């Protein structure tokens, strides 16, 4: 019986620590430059789309890439999706969107894109270590990779097409 107050105290401290961690984490409008990959060459990323097409991040060298980690079951990811569609449809956009589906089966990703729009590469297979390589903490999370292949910014939370275009210096 005397253990119960100690256990409750430990659980309470752990919950409080998590609340503080989430409350102080960067939100969607902030660029996080402290990520371990920021300023470095983007980690290799190869995988397969839901349709079975191979994708290699290196193929996009010479162009800005917005690498977006998302899940169809993630409400902030769903809310962000129309902005990614808008970004991909800007005439002459200097930014190629590439997404990595986290813990989502190919059929759900295919259905999601059929209903919500978007025609950029979405990796569903072969990405097991990519969340670790890019130090993904929570979804959605995006990495802006410059034309030289270096990660210039980590964007945590929902983003807008306008914000991305502003960062890369493109006209909207």
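The values are calculated or read from the model by the stated rules, or taken from the named source; none is laboratory data. Since this is a predicted model, take the numbers as computed values, not measurements. All Cβ positions, even for glycine, are placed from backbone atoms using ideal geometry, and neighbour counts span all protein chains on display.
Is region 90-100 home to any residue that is free of Cβ contacts under 8 Å to residues at least 40 places away in the same chain, part of a loop (DSSP other than H, G, I, E, B) and over 14 Å from the mean Cα position of the chain (by Cα)? Within region 90-100, one or more residues are free of Cβ contacts under 8 Å to residues at least 40 places away in the same chain, part of a loop (DSSP other than H, G, I, E, B) and over 14 Å from the mean Cα position of the chain (by Cα). Does residue 167 satisfy being part of a helix (DSSP H, G or I), buried (at least 16 other Cβ atoms within 10 Å of the Cβ) and at pLDDT 90 or above? So residue 167 passes the test.
Considering only residues of region 61-89 that are in contact with a strand residue (DSSP E or B) (Cβ under 8 Å, 6 or more places away or on another chain), in a helix (DSSP H, G or I) and in contact (Cβ under 8 Å) with a residue 60 or more places away in the chain, which is surrounded by the fewest Cβ atoms within 10 Å (Cβ to Cβ)?
Result: 80.
Suppose the filter is surrounded by fewer than 16 Cβ atoms within 10 Å (Cβ to Cβ), within 14 Å of residue 67 (Cβ to Cβ) and modelled with pLDDT of 90 or more; does residue 150 pass it?
yes
Residue by residue, here is whether (1) touching a helix residue (DSSP H, G or I) at 6+ places or on another chain (Cβ under 7 Å); (2) within 24 Å of residue 41 (Cβ to Cβ) holds:
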{"site": "68", "(1), (2)": "yes, yes"}
{"site": "99", "(1), (2)": "no, yes"}
{"site": "113", "(1), (2)": "no, no"}
{"site": "121", "(1), (2)": "no, yes"}
{"site": "132", "(1), (2)": "no, yes"}
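Of the set (1) part of a helix (DSSP H, G or I); (2) surrounded by fewer than 21 Cβ atoms within 10 Å (Cβ to Cβ), all apply to residue 118 but (1). Looking across region 36-60, the residues that are outside any strand (DSSP E or B), in contact with a helix residue (DSSP H, G or I) (Cβ under 9 Å, 6 or more places away or on another chain) and surrounded by fewer than 19 Cβ atoms within 10 Å (Cβ to Cβ) come down to 37, 43, 44, 51, 52. Going through region 102-115 one residue at a time, which ones are at pLDDT below 95 and closer than 15 Å to residue 74 by Cα? Within region 102-115, 102, 103, 104, 105 meet the criteria.
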